[in-house]
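Notes to accompany the following structure.
The values are calculated or read from the model by the stated rules, or taken from the named source; none is laboratory data. Note that the structure is predicted; figures quoted are calculated from it, not measured. Cβ placement follows ideal geometry from the backbone for every residue including glycine, while neighbour counts extend to all protein chains displayed. For accessibility, only protein heavy atoms count, side chains too; no ligands or nucleic acids. Shrake-Rupley method; radii C 1.70, N 1.55, O 1.52, S 1.80 Å.
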Amino acid sequence: MTIRRVSKWLVVLSMAWAAATSAHAAVNDAAITGSAAPKALSEYGFFDDLKAHTPADRVLPYDLITPLFTDYAEKLRFVYVPEGKTAQYNPDDVFALPVGSALIKTFAYPQDARAPGENLRLIETRILAHTPKGWRTYPYVWNADMTDAALSPLGAKLDVSWITADGTSRTIRYAVPNMNQCRSCHVKGTGRDRTTVPIGPEAKHLNKDYSYTDGITNQLTKWTEAGILTGTPDNPDDAPRIAKWDDASLPVADRARGYLDINCAHCHAPDGPAHTSGLYLDTRATTSAQYGIFKRPVAAGRGSGGHDFSINPGDPESSIIVYRMDSTDPGIMMPELGRSTIHREGVALIREWIAGMED
């Protein structure tokens, strides 16, 4: 074979190798673990196609059985665990994701909520990055062309319009949280033990099927097969699972408690920011007083609305939980952050649950 022919083959092989290795661009691990956050979302390399959110290698999409409510926004969630590392399964807590991992969550609105997932306007992407010094929270706001998102440490206020599920037009003033507000929802522990942690990646929230590009698979199974999670049960039915909040075939009590768990329990927990309230809304709370039944507030004020109990069985309108969920007054509303509107369907679920209780 002549030198010229060998050279041609080397060029062909080089081009083939380049094509194969460029099918998935590598995530920029240094961007995740660095002391300063990248100025643009694109610098992380989480997506082969940023606008389309086509994930890069080892970036895996996921969903929650019951998602946290954020002004009716759709959410696109992804997890990244670096090569050679794995998260550790825990049936009772958020998975221990190793340093270098990241959770990516994009908030978006469809042009018409009757066609979810179509014609999405990307609003913001929040990055939870596990650095050598702990978890860091970084909000990014998308530009008008949706070609990239810029770091916005101070947050932002944006007008967002869409057609709702009932066909009406709606406009809200959407609030992108600042970095301190992001951290406030991810705090665990008290005093010097306070630390920032993830919220959603827990067995009971992930234990469901997901439609991946290569087929429908249980998420716990997929995470294990992808090599990013170890220690999972062989059978997903042996892992905990909360009830989907809007699945009418399931008991209303299970759905209501699952809804309060994902929306409220990260604060209302023994080691959460609202621990002094004594109201614990995790589905693992076993006594009725812990999750509000005939529980009096520790401090009377506007937040109680003059009501005596967090949950007054049989009477949702005199229950503090309903009163606070059904408000947008900053001095009353719960959750305090993450919404400027009332989740009517969520409030209706809690009303139904309390109305059906016997005292």
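Observations on the structure shown:
- Scope region 273-294; condition out of contact with any helix residue (DSSP H, G or I) (no Cβ under 9 Å at 6 or more places or on another chain) and assigned to a loop (DSSP other than H, G, I, E, B); matching residues: 278, 280, 286, 287, 288, 289, 290, 294
- Of all residues in region 113-131, those satisfying the criterion of being in contact with a helix residue (DSSP H, G or I) (Cβ under 6 Å, 6 or more places away or on another chain) and either open to solvent by 30 Å² or more (accessible area, probe 1.4 Å) or of a type in the set (Ser, Thr, Tyr) (or both) are 125, 131.
- Subset tally (residues that are touching an Asp or Glu at 6+ places or on another chain (Cβ under 7 Å) and without any contact (Cβ under 8 Å) to a residue 40 or more places away in the chain) for region 158-191: 1
- Residue match in region 314-325 (condition: part of a loop (DSSP other than H, G, I, E, B) and of a type in the set (Lys, Arg)): no
- Tally of residues being in a strand (DSSP E or B) and in contact with a Phe, Trp or Tyr (Cβ under 9 Å, 6 or more places away or on another chain) across region 115-155: 13
Residues checked against (1) at negative phi; (2) crowded, with 19+ Cβ neighbours inside 10 Å:
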residue	(1), (2)
253	yes, no
259	yes, yes
279	yes, yes
287	yes, no
297	yes, no
302	yes, no
305	no, no
319	yes, yes
325	yes, yes
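- Tally of residues being more than 17 Å from residue 204 (Cβ to Cβ) and touching a His at 6+ places or on another chain (Cβ under 6 Å) across region 243-295: 2
- Restricted to region 171-196, and to residues there that are closer than 16 Å to residue 123 by Cα and open to solvent by 60 Å² or more (accessible area, probe 1.4 Å), the residue that is farthest from the chain's Cα centre (by Cα) is 171.
- Residue that is most open to solvent (accessible area, probe 1.4 Å), among those in region 30-78 that are of a type in the set (D, E, K, R) and in a loop (DSSP other than H, G, I, E, B): 39
- Checking every residue in region 331-338 against the condition of being out of contact with any Pro (no Cβ under 7 Å at 6 or more places or on another chain), within 27 Å of residue 172 (Cα to Cα) and not in a loop (DSSP other than H, G, I, E, B) gives zero matches.
- Taking the listed residues 319, 249, the one that is more than 24 Å from residue 220 (Cα to Cα) and either of a type in the set (Gly, Ala, Ser) or modelled with pLDDT under 95 (or both) is 319, with no other qualifying.
- Residues that are over 18 Å from the mean Cα position of the chain (by Cα) and assigned to a loop (DSSP other than H, G, I, E, B) occur in region 206-215; there is at least one.
- Selection from region 277-303 of residues that are of a type in the set (Ser, Thr, Tyr) and in contact (Cβ under 8 Å) with a residue 24 or more places away in the chain: 283, 291
- Looking only at region 127-170, and only at residues there that are among the β-branched types (Val, Ile, Thr) and more than 21 Å from residue 71 (Cβ to Cβ), the one that is farthest from the chain's Cα centre (by Cα): 147
- Hits in region 83-101 - residues which are part of a strand (DSSP E or B) and either farther than 19 Å from residue 46 by Cβ or at pLDDT below 95 (or both): 88, 94, 96
- Within region 199-238, restricting attention to residues that are among the acidic types (Asp, Glu) and in contact with a strand residue (DSSP E or B) (Cβ under 7 Å, 6 or more places away or on another chain), the residue that is surrounded by the most Cβ atoms within 10 Å (Cβ to Cβ) is 202.
- Filter result for residue 242 (in a strand (DSSP E or B) and modelled with pLDDT of 95 or more): no
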